[in-house]
Amino acid sequence: MQYHATTTLHELFGDLVILRNLTPFDTRLPGLADAWREMGLDSARTPRKHEPEYARASVWFVRQARALDLSGTPVRELLFIGDTAMADGNAFRSLARAGGWPGWCFIGSEKLSQPAEFVRQADNVTLSNRWAGLGEWLASAKAAGARMDAGTAVVIDMDKTAVAARGRNAPVMDAARIEGVERTVASSLGDAYNRDLFLTAYNTLNDPVFHPFTADNQDYLAYICLVLGAGLVELDALVADVQAGRMSSFRQFIDWSDGQLGSAGDRNPVFPKKPGFSEPPAGLQAIHRDVYTLVLAGDPTPFKAFRRNEYLCTAARFGSLPVDAPVAQMLAEQVCITQEVREAALWLKARGCLLLTMSDKPDEATIPTPQLAAQGYLPIHRLSTAAVGESIAAELASL
Ligand SMILES: [Mg+2]
């Protein structure tokens with residue numbers, strides 16, 4: 001495992017970067033809001049990764065992106081690289097099906113304590129516990145008939161795949177998100193902020209047993225931690241109500257919270273008010289109004305202040321260490337580009353394949369605000385950082 005270069009995701013993908021809202025950075029491609037009819041969708045609503053509409057939109061982007069530089073070349077096959085067997089494996093399956101393409105999918109999750117192995121699943125999905133398995137995977141796809149040429153679309157997941165490789169560097173990305181939540185909560189609560197209380201609440205409610213309540217939505221979780229941190233309700237009381245089914249959804253929680261913080265007063269007294277609780281901090285009421293308005297409007301990422309802090313905390317971890325820092329320190333403290341993914345991508349690009357990357361992150365966590373951009377802040381895919389990993393160049397050269 002070593003440092004190879006200081007580079008950006010832009011080196012691999014240019015601006016062919018598609019975020020959760022399905023609007024590419026490359027302004028030559030229209031986004032969902034303008035092109036949903038052409039994509040064959042029923043509305044401009046942003047579908048989530050597991051929905052068939054997401055695959056339909058993605059197929060459209062792949063074809064349009066290929067047509068930008070090679071208008072007479074149809075896409076005939078798909079290669080997909082990701083890090084989660086369920087989410088990415090199924091995204092690959094639905095994308096291949098929607099495009100009518102033969103395809104091959106690599107799912108990497110490094111476990112160096114185990115012997116290297118491939119697990120082959122249905123539909124040409126290969127799980128590998130080494131990112132360096134990409135070399136052998138490409139060889140086997142080639143042997144199985146993959147052409148890997150200008151008719152090949154290569155879709156690479158961004159988070160924990162192209163950067164912050166799962167099993168190697170992923171905790172850095174989680175740490176950036178948690179710090180983003182914490183900064184948001186701390187700055188809105190001011191003196192009332194209690195770090196231990198916040199971390200206990202976050203770690204408790206981030207557990208999958210609470211997914212029915214939090215919808216596994218980090219914006220919702222951040223908001224709940226904010227309200228707990230402000231002392232509107234105690235964690236134990238909330239946990240008891242969730243477990244007893246009295247509090248069953250985030251929507252119920254934020255409606256209750258609006259009753260406490262908004263003009264309606266104590267109209268939905270599910271919880272007793274915490275003893276000693278008086279007036280909530282002014283910053284909390286302002287944030288609540290912003291989040292509640294967006295929740296009512298159906299925005300799945302309603303906590304914009306948190307996501308903007310997540311962007312800042314993530315960007316601060318790109319290229320934060322000198323290039324001669326020990327590799328173990330780089331992987332522990334800095335978001336690194338995955339060298340094996342980088343080499344595979346550059347090799348495929350040299351053969352004429354179309355490369356694009358997709359991220360499930362919202363814009364606010366990935367792009368600076370106009371004010372920050374004016375100060376020189378860059379979108380995540382333009383930030384330089386270290387590419388770290390094991391070279392697979394020798395394997396690729398023999399293909
Ligand atoms: Mg991922």
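So what's the gap between the Cα centers of segment 80-128 and segment 143-171, to the nearest angstrom? Taking the Cα centre of segment 143-171 as reference, the centre of segment 80-128 is 9 Å away.
Its relative contact order, with pairs defined as Cα atoms under 8 Å and 6+ residues apart, puts the chain at 25 percent.
Distances over 39 Å make up what percent of all Cα-Cα pairs in the chain? Here the long-distance tail beyond 39 Å is 23 percent of all Cα pairs in the chain.
Once you divide the Cα radius of gyration of segment 170-310 by 2.2 N^0.38 Å, the number left is 0.96. Using the 1.4 Å probe convention, the accessible area of segment 170-310 works out to 44 Å² per residue with neighbouring protein chains retained. In a fully extended conformation the segment linking Ser43 and Asp290 would gain 86.4 nm over its present Cα-Cα distance, using 0.36 nm per residue.
Taking the accessible area of segment 276-399, probe 1.4 Å, and keeping the other protein chains in place, the carbon and sulfur fraction comes to 56%. Compared with the direct C-alpha span, the chain from Gln114 to Ala87 gains 7.4 nm at full extension, assuming 0.36 nm per residue.
The calculated FRET efficiency for Asp360 paired with Arg147, based on their beta-carbon distance and R0 = 41 Å, is about 0.90. For Lys349, the accessible surface of its heavy atoms amounts to roughly 90 Å² (probe 1.4 Å, protein chains only, rounded to the nearest 10). Of the cross-linked pairs Lys49/Lys349; Lys160/Lys361; Lys49/Lys142, which ones have a Cα-Cα span greater than 23 Å in the structure shown? Long pairs (Cα-Cα over 23 Å): Lys49/Lys349; Lys49/Lys142.
The values are calculated or read from the model by the stated rules, or taken from the named source; none is laboratory data. Just so you know, these numbers come straight off a predicted model, no measurement behind them. With ideal geometry, Cβ positions are generated from the backbone for all residues, glycine too; neighbour counts draw on all protein chains shown. Heads up: the accessible areas ignore ligands, DNA and RNA and are worked out on the full protein's heavy atoms, side chains in. Shrake-Rupley method; radii C 1.70, N 1.55, O 1.52, S 1.80 Å.
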